[in-house]
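Values in this text are rule-based calculations from the coordinates and carry no lab data. Keep in mind the model is a prediction, meaning the values are calculated, not measured. With ideal geometry, Cβ positions are generated from the backbone for all residues, glycine too; neighbour counts draw on all protein chains shown.
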Amino acid sequence: MFRSVLMIEKALTSADVEFVTTLHGDEAVSFHVLLQPRGDQADRLLRAIDDVALGELDEAAREGDTPEGEEAKGFGERALEVSLTALRASGSEADGRLVEDHPLDALRSLVSETGADEVIVLTDPHYVEEFFHRDWASRARHKVGVPVLKLFSHSKA
């Protein structure tokens with residue numbers, strides 16, 4: 001069985017689930033999901049700049065409404081459960097956990113403990129971080145010792 005660590009920041013959509021579960025054709029895949037809610041990942045200014053770059057001015061104005069702290073944890077727990085249920089419903093094995101801080105340390109540990117074959121980072125675009133190679137995928141490539149695939153979410157969750 002192929003083992004993938006899937007790093008996400010929000011609940012997977014049905015399109016996302018179909019995308020990641022079909023990457024390896026008919027080969028069975030088990031997913032170990034790490035979810036760090038967006039509210040804990042980047043500061044508001046970077047998120048707002050990303051929204052402006054995407055032409056989503058309304059989203060930029062609402063960045064202050066992004067859940068943080070305990071509220072983000074509750075959101076993350078629900079998003080993780082939705083994602084795991086969807087992956088299992090597709091026929092894949094799936095387990096997961098929330099990342100409370102230091103996502104790359106958690107990623108490196110999980111890759112090591114599961115013997116993962118790859119890492120898939122599935123997020124919305126983060127143009128500022130990507131430009132400076134500070135996004136999860138760019139930084140993970142130097143830390144985990146397995147291939148890192150960066151994918152963009154198919155739609156808003």
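Below is a table of values for the structure above.
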{"quantity": "Difference of contour (0.36 nm per residue) and Cα-Cα distance, Thr22 to Asp101", "calculated": "25.4 nm"}
{"quantity": "Paramagnetic reach from Lys73 in the stretch 93-113 [backbone N under 13 Å; point 7 Å along Cα→Cβ]", "calculated": "98-101"}
